[in-house]
Amino acid sequence: MEKTAVELFAGVGGFRVGLNDITAFDENGRAIENGPWKFVWANQWEPATKAQHAFECYATRFGKDDSSNVDIAQVNKADIPDHTLLTGGFPCQDYSVAHPKNSEKGIEGKKGVLWWQIDEILKVKQPKFVLLENVDRLLKAPSSQRGQAFGIILRCFADAGYGVQWRVINAADYGHPQKRRRTFIFAFHNSTDYYANFSKAGRKQKPDATILSDTIFAKGFPCKEKNEAKLSQGNLSKKTFHDLVEVSNKFAFPFGNSGYLLSYDFYTLDVVPSQTIAPKTLGEILDSNNVPDFCYKADYDKFKYLKGSKKIVRIAKNGHEYIYSEGAIPFPDKLDEPGRTMLTSEGTTNRSSHYIQDPKSGQFRILTPVECERMDEFPDNWTNTGMPQKFRYFIAGNALVTGLIKTMGAQINVIIDSESK
Ligand SMILES: C[S@@+](CC[C@H](N)C(=O)[O-])C[C@H]1O[C@@H](n2cnc3c(N)ncnc32)[C@H](O)[C@@H]1O
């Protein structure tokens, strides 16, 4: 089986960096790809700005030939080159569907919901394997019907002929320098040997054993059952929910942070890491010798206030007065722990931006763009491709911890190497 891949919602290429173990770029700025994946197509388009900084960065590192910079909704899915592995990080949105007005037939989701773009590619291109990333709350969304969003995703995969594995992973639990908790989804088409082997192994043991030892996530990120966790199971077949609209209207489930789906049956369990791995700390990734002046200009007093505990009187839309309160978070950030989750607002004067006391200069400052790249495990200066500094922070907050993808890639390589066709 060819190791060909497509990167959707590519940003600055986190899946490609991880899967091809990229640690550097050459004097022309081109990524040095160590393989084994040939990326035959990538798509990245930022709807919020005219400037396309993430795409320009991607194109600098990988070339423009196989990279597309248009809204994925405008792409004719049949034109996407054939590929074995579909990858992408997509947002948690409202995946609800309904029948079109005046018709019992057909299904309509909200416009601009990116899952439906992925779903269309599954149907049209039928890639053998799929690796996706989303926020951890995907499994519990929306709050009014917990698990509905993920139930819709599972049903779509099952309808398109896939088995699915999932796991919420905190990168810091496995030695990476950021406490970033994300849901990862691995899907495999029922025409693969892997599907047959995974199902067969599953029939010989209890589903919790499969979750704890057989999924690509269990193999790459060893885990054990969380204290007092219980396996639960459910079914998303046409007998239970006759179409996706019924799943959308009725399905709710308390999904555990790990699980799998085969032939419309799913099994889920809460797991925790089974080994203690010393995390890489924020202190270890600092670049104290190369701190641009602007990083020292951030307002100390404002950061101190933002990160402190507070009680503020606020007025709700209905005119009702209430007290908004929040607890203190570390000020400055701890250097002997991994960084906290970076958001797209990183670097701005914001409660969630990192703010540190530099151990070399003794002065307080925000992180540098390179330090943010290091928290995501990109090569230094990966995003230094001509964009304004503030976008380098934004992009780092959008990206993923590439070392996790490298570990998943190693598992997927083993699978592809043993496929017979
Ligand atoms: C969560 S980020 C993924 C970041 C990426 N994994 C990385 O390593 O940089 C989602 C990306 O999807 C892009 N995006 C949003 N809407 C899009 C659309 N309609 N078509 C194509 N890309 C889109 C955003 O600009 C953003 O870069």
Could you report the accessible area of His99 in Å², rounded to 10, computed with a 1.4 Å probe on the protein chains as they sit in the structure? 50 Å²
Report, by chain and number, residues whose modeled amide H sits under 5 Å from the one on Phe25, excluding near sequence neighbours (fewer than 5 apart, same chain). Ile32
Largest-first ordering by accessible area, 1.4 Å probe, given options Asp358, Asp417, Asp136: Asp417, Asp136, Asp358
Report Thr348's accessible area, 1.4 Å probe, all protein chains in place, as a number in Å² to the nearest 10. 70 Å²
Sparsely packed chymotrypsin sites (Phe, Trp or Tyr not before Pro) within the range 251-356, loop by DSSP, other Cβ within 10 Å at most 15: none
GluC sites (Glu not before Pro) lying in DSSP loop within the range 177-258, provided at most 11 other Cβ fall within 10 Å: Glu228
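Run the helix sum for the chain: -39,500 (n - 2.57) per DSSP H stretch of 4+ residues, divided by residue count, reported at 222 nm to the nearest 500 deg cm²/dmol. Walk me through the numbers before you get to the answer.
Working: 12 runs with 110 residues, N = 421.
My calculation for the chain gives -7500 deg cm²/dmol from helical runs alone.
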Would you kindly find the accessible area of Leu114, with a 1.4 Å probe and non-protein molecules such as ligands, DNA and RNA excluded, rounding to the nearest 10 Å²? 40 Å²
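Remind me, what semi-axes does the chain give for its equivalent ellipsoid, largest first in whole Å, using sqrt of 5 times each Cα gyration tensor eigenvalue?
Values: eigenvalues 245, 141, 107 Å².
The answer is 35, 27, 23 Å, longest axis first.
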Pull up all non-local amide H partners of Thr341: gap of 5 or more, or a different chain, and H-to-H distance under 5 Å with H placed in the peptide plane. Lys179
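Leaving out ligands, DNA and RNA, what percent of the accessible area of the chain is carbon and sulfur, probe 1.4 Å?
Working: 9380 of 19370 Å².
For the chain, the apolar C and S fraction of the accessible surface comes to 48 percent.
Is the shape of the range 219-327 best called rounded, prolate or oblate, per the rule: a/c under 1.5 gives rounded, else a/b larger than b/c gives prolate, else oblate, with a ≥ b ≥ c the square roots of the Cα gyration tensor eigenvalues? Write down the numbers at each step before the final one.
Numbers: a/c = 2.74, a/b = 1.46, b/c = 1.88.
It comes out oblate by the Cα gyration axes.
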For the range 30-36, in order, what is each residue's ³J(HN,Hα) by Karplus, 6.51 cos²θ - 1.76 cosθ + 1.60 with θ = phi - 60°, in whole Hz (x at glycine and Pro)? 7, 4, 8, 8, 8, x, x
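Given a 1.4 Å probe, how much area per residue of the chain is accessible, in Å²?
Working: 19370 Å² over 421 residues.
Value returned for the chain: 46 Å² of accessible area per residue.
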Karplus-derived HN-Hα couplings along the range 59-72 (A = 6.51, B = -1.76, C = 1.60, θ = phi - 60°), whole Hz, x at Gly and Pro: 5, 5, 7, 10, x, 9, 4, 10, 10, 10, 10, 10, 4, 4
Order by accessible surface, 1.4 Å probe, largest leading, for residues Lys406, Lys250 comes to Lys250, Lys406
Averaging over every viewing direction, what projected area does the convex hull of the Cα atoms of the range 283-378 cover, in nm²? 7.2 nm²
Roughly how many Å is it from the Cα centre of the range 1-61 to that of the range 191-251, as a whole number? 31 Å
If I fit a long axis through the Cα atoms of helix 402-417 and take the longest principal axis of the Cα atoms of the chain, what angle between them do I get, 0 to 90°, rounded to 10? 30 degrees
In degrees, nearest 10, range 0 to 90: what is the angle between the Cα axis of helix 193-203 and the longest Cα principal axis of the chain? 80 degrees
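May I ask you to rank Met1, Met342 by accessible area, largest first, using a 1.4 Å probe over the protein chains only? List each step's numbers first, then the result.
On the way: Met1 70, Met342 0 Å².
The ordering from most to least exposed comes out as Met1, Met342.
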Between the Cα axis of helix 148-159 and the main Cα principal axis of the chain, the angle (0 to 90°, nearest 10) is 50 degrees
Please list, by residue number, every one of the GluC sites (Glu not before Pro) in the range 89-147 that is coil in DSSP and has at most 15 other beta-carbon atoms within 10 Å. Glu104
With θ taken as phi - 60° and the coefficients 6.51, -1.76 and 1.60, list the Karplus ³J(HN,Hα) couplings across the range 260-266 in order, rounded to whole Hz; mark glycine and proline as x. 8, 10, 9, 6, 6, 9, 10
Which far-off residues, 5 or more places away or on another chain, put their amide H under 5 Å from the one on Gly175, with H placed in the peptide plane? Lys280
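The values are calculated or read from the model by the stated rules, or taken from the named source; none is laboratory data. Because the structure is predicted, anything quoted here is derived from the model rather than measured. Note: ideal-geometry Cβ built from the backbone for every residue, glycine included; neighbour counts use all protein chains shown. The accessibility values were calculated without ligands, DNA or RNA, using every heavy atom of the protein model including side chains. Shrake-Rupley method; radii C 1.70, N 1.55, O 1.52, S 1.80 Å.
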